[in-house]
Amino acid sequence: MAYTRLVRTASQGFLSARFASVCAGVALASACIATPPEGIRRQTDGEGGGFDFEPDPQTSSSSSGGLPDADPHALLGAAPTHGPFNGGQRVLLHGNGFSSKVRVWFGDVEVDPSAIVPVDPGRVQVTAPPGKAGPVELTTQNGDDASTRRSLPGGYVYDALYASPSSGPVAGGTSIELIGQGTRWDATTVASIDQKPCTSLAVEEPTRLRCTVPQGTAGAKTISVTTGDETILVLDGYTYEDSENGYKGGLSGDPLAGRLEVLVYNNFTGDPIPGARVVVGSSLSSALTGEADASGVAVFEDDALDAPRTVTVAATCHSPISFVDVPVDTVTVYLDPVLTPACGAAGDPPPPVGGKVGSAGLLDGEIVWPESTDTGTAATWSNIPSPQRATERRVAYVFTLGSDPLATFRLPSQAQAILPETPGQLGHAFSMYLAPGNRSVYALAGIEDRSMTPPRFTAYAMGIVRGIPVLPNQVTGDVFVQIDQPLDHALSMDVTAPARGAKGPDRIQANVSIMVGNDGFITLPVGAQSPLIPFDGQLTFVGVPPLDKDLFGSRYHSSARAVTGEAGLAPLSVVGRVLSTTTSEAARIGDFVGVPTLETPALNGAWDGAHLATSFSAGAPVDLSVYDIASGNGLLRWTVAVPAGSHAIELPDIRQLGVDNGALPPGPITIGVYGARIDGFDYGKLVYRQLKAQGMTAYSLDSFSAHL
């Protein structure tokens, strides 16, 4: 009989009749599975020898709340019942008789007291520590009182794999890593998302593989990975959502050797674009041309395809894209639809974009202080100083982690303020809507004065909760953010600014954020500092947290931008990723990318639609240049990716294909030029994210006017 690992705590209901009764009795049915998925079998499947799935009468509850009252210190279950083996997930334990001194173990590992929030005698929130894949016994005990020690065998399961990133758009095409523990993945391995195989799969190590996510539907989906007779399942392992993360499309495959495959999809819907025109070559007179078939695929076979070629893709009512000097045999393209009434009238209506009504989940929680969990009294805000002016007040705000480490802190509206008088059971209540998926939230507490312009907010303490499962159109409750992390550290940067050019840049803008694993970034209100160029010296940011407790494993993300004017405009150069784990040493920031100068076409001159030339001023080497050529007030944009820095290139003049085939219309155009430095960059593995600033380690940018 084939052996299968079902890596989901719900699946461990197969292992314990007691756990099955807990799933029924503690209202965790949504996290439990009555039978294994079709086609998945266990060693005990078949005639006889199976586990007893009937509830255990000794642990079943007859009370309306579903909690037995016979044992004053019972440990009944966990929600969620599973999580990644690297830990960090918020878990709510249910039971009886928990005290403010409750201790918690996951297997043999005791949870750090700072990661425990005793809510009430029936609930305690903990942050799961890292563990070994598979089921572990959960144990609780009140302080040193061994008589209160209770255990729940198989009460929590560490998933044997997790996805990074763990979410992406419903259009699919996202390139994710699946990271396993104790896995033996090889060339025979098959991976699927929601029972659909990855559109491309590469096993990089026995514990690491890369999967291109297929098109899907909104919501949390199961990841399955099969090697030989072993299958690993992780329910809710990947979430399709209405957002764009950029980990998709681009270049892949083996070196060009006579065959090139181009796949063309709609960037919003993920649907193929049949009839899209594909040009392989830098000039239409000598290029190979073809059209995508009904499945969006165009295949070229020619002995001349033995060296890098420029690939251009254009389609009716879609913005074109070009990749210069493609060295590999697969190009996956996602074209942006042109959202104009003319395209709608042509029978290709603009697709719906943005969030879907009702698809978000509601998160209900409270911010709490250690004092409130120790004594059961109202939170004291003891780590926040008293207001010194009549216009000041103590206040806290709750945020979600962001995707942009360079984001500037913005004070929320007064309607979102949490005040000492805000009611709550254990602390102070808050509610917020979030996109479905595994989410993390953080809270900042401090002193605010809105009588000033702009309003001033000084944060003194914070808290964070990670790994909150948010489901569409459902409420996730009992989320407790403990404000126990002081903002009392100072981080310094040693900045060496680039030279000031004739147009700019003329000043530095610097900031610090916190990179929380793969979850995102904490934006801090420590204030941006902006010395004028020339500048070579140290900047100090006071008000960052130590990286311990729930921030253990996180990193400080230091960045500096050389910009032009107070508004921070181009020309600019950004060093966007200097990571550190300590404040004892200054982050050294230099290596700014040189500012681009567009040489062809001339400034405000005519562009022939084919030739582009750019040079970069002195600075760090450029790995990738990206042109963003916009016309029609930005409605139609031609993206051009070029390996390396200073260059002169030729593109096919796609106007010869006709305006109906995605060519830019005549008129004024704006040409934005990026010069990017990307850590570990390999042009043959380029993904769409690297065409934007968010995917660049450091970059420069300037824009130029011309006409077509």
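The values are calculated or read from the model by the stated rules, or taken from the named source; none is laboratory data. The shown structure was predicted, so the numbers you read here are calculated from the model rather than taken from an experiment. Using ideal geometry, Cβ is built from the backbone for each residue, glycine included, and neighbour counts are taken over all protein chains shown.
Quick notes on this one:
- Residues that are crowded, with 20+ Cβ neighbours inside 10 Å and of a type in the set (Gly, Ala, Ser) within segment 578-596 comprise Ala587, Gly594, listed in sequence order.
- Test set (1) assigned to a strand (DSSP E or B); (2) on the phi < 0 side of the Ramachandran plot - Asp325 fails condition number: (2)
- Residues that are of a type in the set (Val, Ile, Thr) and modelled with pLDDT under 95, drawn from segment 158-182: Val170, Thr174, Ile176
- Flag if Ala510 is in the same structural domain as Thr581 (by TED's automatic domain parsing), in a strand (DSSP E or B), of a type in the set (Gly, Ala, Ser) and crowded, with 17+ Cβ neighbours inside 10 Å: yes
- Residues in segment 190-217 that are more than 25 Å from Asp336 (Cα to Cα), surrounded by fewer than 16 Cβ atoms within 10 Å (Cβ to Cβ) and of a type in the set (S, T, N, Q): Gln195 only.
- Residue check for Val575: surrounded by 15 or more Cβ atoms within 10 Å (Cβ to Cβ) and at pLDDT below 95: yes
- Every condition in (1) in contact with a helix residue (DSSP H, G or I) (Cβ under 9 Å, 6 or more places away or on another chain); (2) hydrophobic (A, V, I, L, M, F, W, C); (3) surrounded by fewer than 16 Cβ atoms within 10 Å (Cβ to Cβ); (4) over 26 Å from Thr330 (Cβ atoms) holds for Leu664 except the one numbered (3).
- Segment 668-708 - residue that is among the hydroxyl-bearing types (Ser, Thr, Tyr) and touching a Ser or Thr at 6+ places or on another chain (Cβ under 8 Å) and, of those, surrounded by the most Cβ atoms within 10 Å (Cβ to Cβ): Ser700
- All of Ile384, Ile447 fail the test of being modelled with pLDDT of 90 or more and surrounded by 20 or more Cβ atoms within 10 Å (Cβ to Cβ), apart from Ile384.
- Remark: Ser617 matches the filter, which requires a residue to be surrounded by fewer than 19 Cβ atoms within 10 Å (Cβ to Cβ), touching a residue at least 12 places away in the same chain (Cβ under 8 Å) and either over 35 Å from the mean Cα position of the chain (by Cα) or under 23 Å from Ala499 (Cβ atoms) (or both).
- Flag if Glu291 is at pLDDT 90 or above, among the acidic types (Asp, Glu) and under 30 Å from the mean Cα position of the chain (by Cα): no
- Test: residue in segment 387-394 that is modelled with pLDDT of 95 or more, surrounded by 15 or more Cβ atoms within 10 Å (Cβ to Cβ) and in contact with a Lys or Arg (Cβ under 7 Å, 6 or more places away or on another chain): no
- Restricting Gly634, Gly645 to those that are assigned to a loop (DSSP other than H, G, I, E, B), modelled with pLDDT under 95, of a type outside the set (Val, Ile, Thr) and surrounded by 19 or more Cβ atoms within 10 Å (Cβ to Cβ) reduces the list to Gly645.
- Note on segment 316-325: residues that are within 19 Å of Gly173 (Cα to Cα) and either in contact with a Lys or Arg (Cβ under 9 Å, 6 or more places away or on another chain) or modelled with pLDDT of 95 or more (or both) amount to 5.
- Tally of residues being among the hydroxyl-bearing types (Ser, Thr, Tyr), surrounded by 22 or more Cβ atoms within 10 Å (Cβ to Cβ) and over 26 Å from the mean Cα position of the chain (by Cα) across segment 114-153: 1
- Tally, over segment 651-708, of residues that are touching a His at 6+ places or on another chain (Cβ under 7 Å) and in a loop (DSSP other than H, G, I, E, B): 2
- Some residue of segment 235-254 being farther than 19 Å from Arg689 by Cβ, in contact with a Leu (Cβ under 7 Å, 6 or more places away or on another chain) and either of a type in the set (A, V, I, L, M, F, W, C) or at pLDDT below 95 (or both): no
- Looking at Ala187, Ala163, just one residue is within 24 Å of the chain's Cα centre (by Cα) and either surrounded by 19 or more Cβ atoms within 10 Å (Cβ to Cβ) or over 12 Å from Thr212 (Cα atoms) (or both), and that residue is Ala163.
- Pairs with Cβ under 9 Å, 6+ apart, first in segment 208-219 and more than 14 Å from Ser166 (Cβ to Cβ), second among the polar types (S, T, N, Q) and part of a loop (DSSP other than H, G, I, E, B): Arg208/Thr183; Leu209/Thr183; Leu209/Thr189; Thr212/Thr199; Pro214/Thr199; Gln215/Thr199; Gln215/Thr269; Ala218/Ser359
- Check on Thr373, within 24 Å of Ile468 (Cβ to Cβ), at pLDDT below 95, out of contact with any helix residue (DSSP H, G or I) (no Cβ under 7 Å at 6 or more places or on another chain) and of a type outside the set (D, E, K, R): yes
The rows are residues; the columns are (1) in the same structural domain as Gly467 (by TED's automatic domain parsing); (2) buried (at least 20 other Cβ atoms within 10 Å of the Cβ); (3) within 25 Å of the chain's Cα centre (by Cα); (4) at pLDDT below 95.
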| residue | (1), (2), (3), (4) |
| --- | --- |
| Ala499 | no, no, no, yes |
| Ala502 | no, no, no, yes |
| Ile514 | no, yes, yes, no |
| Gly517 | no, no, yes, yes |
| Ile522 | no, yes, yes, no |
| Val526 | no, yes, yes, yes |
| Thr540 | no, no, no, no |
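- Those strands (runs of 3 or more DSSP E) lying entirely in segment 127-198 with at least 2 residues among the small types (Gly, Ala, Ser) and touching a residue at least 40 places away in the same chain (Cβ under 8 Å): 150-159, 161-164, 167-169, 175-180
- Test: Gln89 is at pLDDT below 95 and within 29 Å of Gly180 (Cβ to Cβ): yes
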